[in-house]
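What follows is one structure encoded as structure tokens, with my remarks underneath.
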Amino acid sequence: MAQPPRDIIMSDQCSFIFSEELLKYKFNDNHPFNQFRLQLTVDLLQHINALAPEQIVPPKMASEEELALVHDRSYIEAVKKAGEGTLPKEIAENYGLGTEDTPVFPHMHEASSLLVGGTLMAVDQVMTGKALHALHLGGGLHHGFRGKASGFCVYNDSSVAIKYLQEKYHARVLYVDTDAHHGDGVQWSFYDDPSVCTLSIHETGRYLFPGTGSINERGQGLGYGYSFNIPVDAFTEDESWLHVYTESIKEVAEFFKPDVILTQNGADSHYYDPLTHLSATMKIYREIPRLAHEIAHQYCNGKWIAVGGGGYDIWRVVPRAWALIWLEMTENTLGYGRLPEGWINHWQKVSPFPLPMEWDDPEGIYTPIPRKAEITEKNLLTLEKALFPIRSQQKSGYK
């Protein structure tokens, strides 16, 4: 029997985890973490007929047992009480709740549990064969700790999902984090675990929260050598960033040989992002999912779970960057040229910025970086040091 074309197979086997209920994860109207970006992204995909209703899978609510795969029970109880308005301020602060970064909001436990459940739903879709790839843009909250909220993150959906992958599916997981902020919460959750390999490419912590993610953070105990960090210099541009990403993900994947790849896709390395200091453009957001897709097929029989993350220019950057992940997953070529006029005309009425007219950024969106050569050289040295353990093994012939 003749096989259907590959693009039909791929699009039929991709799940997009979404429900408008995910927008209830909202600290306040002035907070930079704004899940309205999910709606903007979904609407962009629908305007180009790239997201069919049958591809959308609603998230489930993560159970307390599932949350407790990573989070302390006392912390879960504190989050519940905080969302009910019954947790004293001084106790809340001990759990990282009620801070400027992570304010308390009503029903925060339920909203946060739904984000985690969305990522677990993506895991189940892929690992049971219902989908080859799954995308949950509501997830990617990589700063949450076992017993503490941090950096806009209440529960850490990626950490819970990785533990869930280990316990339910006995999988070796490669976690790749391209958010401009270091994926600290996920790294520390599996710092001593050799069955999880974490790779984080982020802006150096000298200038940016959370201040961690140096090349010397390589894991501990049995997990030593399974944590990779590549902190790039402030003002890093596309070419240097992409060189670091391409070299590292290929070499780390070849070293680790995962069963499944989980990618965190923060969209805050873009020049327009208000919270970071990098100078990337949409060029990197084409290449990030393209190479992740390639790695998934090369090592994992296609098993690829992708989540969202940071991204604070919700109008000009995040919808394009995140839509490109789905277009790559489904092997859809519509993400080139002009953006749909209907989308631009509808959202320009409320956008504080002139919306982009095309999928790709025009040349010259920022003035040339005076330290480009120095920054590029510094990133090359950082990459060499970060990958030295792998490369030294290759040279010695040791496996």
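The values are calculated or read from the model by the stated rules, or taken from the named source; none is laboratory data. All of these numbers come straight from a predicted model, not from anything done at the bench. Note that we place each Cβ from the backbone using ideal geometry, even for glycine, and neighbour counts take in every protein chain shown. Just the protein is used for accessible areas: all its heavy atoms, side chains included, with ligands, DNA and RNA removed. Shrake-Rupley method; radii C 1.70, N 1.55, O 1.52, S 1.80 Å.
Here are the numbers for this structure:
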item	result
Contour excess over end-to-end distance, with Cα ends at Glu254 and Thr367 and 0.36 nm allotted per residue	36.9 nm
Unit charges at the beta carbon, dipole of region 136-195: most positive-side option, Ile162, Leu174, Trp188	Ile162
Of all DSSP beta bridges in the chain, antiparallel share, percent nearest 5	10 percent
Cα centre as origin, Lys/Arg/Asp/Glu Cβ charges: region 1-156 dipole, Debye	160 debye
Portion, in percent, of the accessible area of region 264-390 that falls on carbon or sulfur, probe 1.4 Å	56 percent
Size of region 262-350 as Cα extents on the principal axes (Å, biggest first)	44, 30, 18
Cβ-Cβ FRET estimate between Gln348 and Asn94, R0 fixed at 45 Å, reported to 0.05	0.50
Sulfur and carbon atoms: percent of accessible area, region 48-108 [1.4 Å]	53 percent
Dipole in debye (nearest 20) - region 82-232, about Cα centre, beta carbon charges: Lys, Arg +1; Asp, Glu -1	380 debye
Listed residue (Trp347, Thr330, Gln393) projecting farthest to the positive dipole end of region 259-399, Cβ model	Gln393
Whole-Å semi-axes of region 153-281's equivalent ellipsoid (Cα gyration tensor)	24, 15, 13
For region 199-270: span of alpha carbons on each principal axis (Å, largest first)	34, 23, 17
Tyr299, Tyr25, reordered so the largest accessible area comes first (probe 1.4 Å)	Tyr299, Tyr25
Nearest-20 debye value, region 202-263 charge dipole, Cβ charges on Lys, Arg, Asp, Glu	320 debye
Centre separation in Å (Cα based) which lies between region 63-114 and region 223-276	30 Å
Full-stretch length increase - Glu341, Glu110 - with 0.36 nm per residue and alpha-carbon distance subtracted	79.5 nm
Fully extended contour minus Cα-Cα distance, from Glu294 to Tyr207, at 0.36 nm per residue	28.1 nm
Directionally averaged shadow of the chain, computed from the convex hull of its alpha-carbon atoms, nm²	20.3 nm²
Solvent exposure ordering (accessible area, 1.4 Å, most first) of Phe353, Phe105	Phe353, Phe105
Cross-link reach list, aspartates and glutamates versus Lys378, counting only Cα pairs under 20 Å and skipping chain neighbours closer than eight places	Asp179, Glu203, Glu217, Asp233, Glu237, Asp238, Glu239, Glu247, Glu251
Dipole axis of region 194-275 (+1 Lys, Arg; -1 Asp, Glu on Cβ), positive-most option in Leu199, Tyr272, Ser240	Leu199
Surface per residue (accessible, 1.4 Å probe) for the chain, Å²	41 Å²
Eligible lysines near Lys89 by straight Cα distance, threshold 28 Å, same-chain separation 8 or greater	Lys24, Lys26, Lys80, Lys81, Lys148
